[in-house]
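Presented below is the structure to which this report refers.
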Amino acid sequence: MGTVVLGTGSCLPERILTNVELESIVDTDDEWIRTRTGIESRRIGGKGEQTYQLSANAARQALERAGVAAEELGLIVVGTISSHMLMPSSACFVQKELGAKNAFAYDLNAACSGFLYGLDLADKYIRADHNMKVLIIGAETLSSRLNWQDRNTCILFGDGAGAAVFGYAEGPRGIIGSKLLSDGSLWELLYMHAPQSLNPDLTVPGNTGAFIQMEGKEVFKYAVRAMEESVRDLLSREHVKIEDVSLVIPHQANIRILNKLIDRLNVPQSKVFINVAKYGNTSAASIPIALDEANSSGLIAEGDTVLFCSFGGGLTWGASLIKW
Ligand code: UT7
């Protein structure tokens, strides 16, 4: 098959923000957040914890575990919607931090689906060039992109980064395939404006600031349906039965979304990795953080079939399968 994960890593900011602390910031309560989302706390970036810095820490861990030197990397991609600068990309800053002087680097904007879109890129590049080593990161500091007076959004999101190093291996292991989709016509359900235009002719009506805005209820419905469909399509295309999947690592947005997905796919809860309680929704970082936690706690063995699925702003969504 070919494209294998050589190593994973993750990095979470030190500061933990609990639901109870949020009660003094916005009109909400611990009970509501727990029952409606499953979230108990989230991490909030501080000094030295910009998106690219969390990314570089996660990447160093992944490279070390992979036994790959930074100079061996041919490509670095960071899935993110919360870089500290618009240009250069976070990926270029990561390259500088790592000293990955033989790589080219760029960011990918697919919101919460950023890591899966990146995983598919890694697969395509590595299939074309078996010597290539690719570093895919999902990283966010969404605490810097939230309206802290909007209880519909600020209680949901958190900061963090996860990384995986991909390379080529002979044999049956590797990425089986991905089913990725987007629907730009639904952009208004979940979006974030850019900074205000300095050209009066290019101002965007309704741009009240560069922070996340969301129609939560609608997103919820689409999330369940779209993830279920992409998983079913992918499994059927690749002739894999859901019973043969060893572990599902879904995007961690809301425990109620995950429970509905578990019901609809008819997969045992014990086969689904869930950490939304600790970190909230870390957007592009959620899947690689979960992957690293599952991997480093020994939940994935060689030969296992691991299924990923994601959903986010764009709208973007999809599913991927790996034979570990
Ligand atoms: O990464 C992918 C992108 N995002 C998502 O996947 C999020 C998808 N959506 C969701 O997770 C859920 O829709 C939310 C958690 C955002 C909201 O849950 P909900 O069950 O859809 O609640 P709701 O928006 O219908 O609000 C129910 C009530 C409302 O009060 P009234 O109108 O019934 O009096 C809200 O004003 O809960 C109120 N409410 C809150 N109360 C306390 C909304 N947010 C809060 C809050 N604390 N933080």
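The values are calculated or read from the model by the stated rules, or taken from the named source; none is laboratory data. These numbers were taken from a predicted model, which means no experiment stands behind them. Glycine also receives a Cβ, built like all others from the backbone with ideal geometry; neighbour counts cover every protein chain displayed. Quick note on the areas: whole protein, heavy atoms, side chains included, nothing else; ligands and nucleic acids left out. Shrake-Rupley method; radii C 1.70, N 1.55, O 1.52, S 1.80 Å.
Some points to look at:
- Flag for Gly209 being more than 11 Å from the ligand (Cβ to nearest atom), among the small types (Gly, Ala, Ser) and not assigned by TED's automatic domain parsing to the domain that holds Leu73: yes
- Checked against the criterion of being more than 16 Å from the ligand (Cβ to nearest atom), open to solvent by less than 70 Å² (accessible area, probe 1.4 Å), on the phi < 0 side of the Ramachandran plot and of a type outside the set (A, V, I, L, M), the candidates Ser197, Ser230 yield just one match: Ser197.
- Residue selection: Gly209 fails the criterion of being open to solvent by less than 30 Å² (accessible area, probe 1.4 Å) and under 25 Å from Gly9 (Cβ atoms).
For every residue, the table says whether it meets (1) open to solvent by 50 Å² or more (accessible area, probe 1.4 Å); (2) of a type in the set (Ser, Thr, Tyr).
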| position | (1), (2) |
| --- | --- |
| Asp107 | no, no |
| Cys112 | no, no |
| Leu116 | no, no |
| Tyr125 | yes, yes |
| Asp129 | yes, no |
| Gly138 | no, no |
| Thr141 | no, yes |
| Leu146 | no, no |
| Thr153 | no, yes |
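- Qualifying residue in the range 293-309 (condition: in contact (Cβ under 8 Å) with a residue 60 or more places away in the chain and under 12 Å from the mean Cα position of the chain (by Cα)): yes
- Criterion applied to Val68, Val134 was being assigned to a loop (DSSP other than H, G, I, E, B) and either more than 13 Å from the ligand (Cβ to nearest atom) or in contact (Cβ under 8 Å) with a residue 40 or more places away in the chain (or both), and the one residue passing it is Val68.
- Any hit, the range 25-36, residues being assigned to a strand (DSSP E or B), open to solvent by less than 30 Å² (accessible area, probe 1.4 Å), touching a Lys or Arg at 6+ places or on another chain (Cβ under 8 Å) and within 25 Å of Phe211 (Cα to Cα): no
- In the range 184-194, the residues that are surrounded by 10 or more Cβ atoms within 10 Å (Cβ to Cβ) and either within 16 Å of the ligand (Cβ to nearest atom) or over 25 Å from Gly158 (Cα atoms) (or both): Leu186, Trp187, Glu188, Leu189, Leu190, Tyr191, Met192
- Within the range 263-289, tally of residues that are over 24 Å from Met214 (Cα atoms) and of a type in the set (A, V, I, L, M, F, W, C): 4
- Here Lys260 qualifies as in the same structural domain as Ser236 (by TED's automatic domain parsing), touching a helix residue (DSSP H, G or I) at 6+ places or on another chain (Cβ under 8 Å) and surrounded by fewer than 24 Cβ atoms within 10 Å (Cβ to Cβ).
- Test set (1) more than 25 Å from Asn275 (Cβ to Cβ); (2) within 16 Å of the ligand (Cβ to nearest atom) - Thr80 fails condition number: (1)
- Residue within the range 51-62 that is surrounded by fewer than 24 Cβ atoms within 10 Å (Cβ to Cβ), within 21 Å of the chain's Cα centre (by Cα) and within 14 Å of the ligand (Cβ to nearest atom) present: no
For (1) in the same structural domain as Val306 (by TED's automatic domain parsing); (2) in a helix (DSSP H, G or I); (3) free of Cβ contacts under 8 Å to residues at least 40 places away in the same chain, each residue gets a yes or a no:
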position: Met85; (1), (2), (3): no, no, yes
position: Leu121; (1), (2), (3): no, yes, no
position: Arg127; (1), (2), (3): no, yes, no
position: Thr153; (1), (2), (3): no, no, no
position: Phe166; (1), (2), (3): no, no, no
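- The range 239-283 - residue that is within 15 Å of the ligand (Cβ to nearest atom) and among the basic types (Lys, Arg) and, of those, nearest to Gly160 (Cα to Cα): Arg256
- Subset of the range 210-241 (residues that are in contact with a strand residue (DSSP E or B) (Cβ under 8 Å, 6 or more places away or on another chain) and aliphatic (A, V, I, L, M)): Ala210, Ile212, Met214, Val219, Ala223, Ala226, Met227, Val231, Leu234, Leu235, Val240
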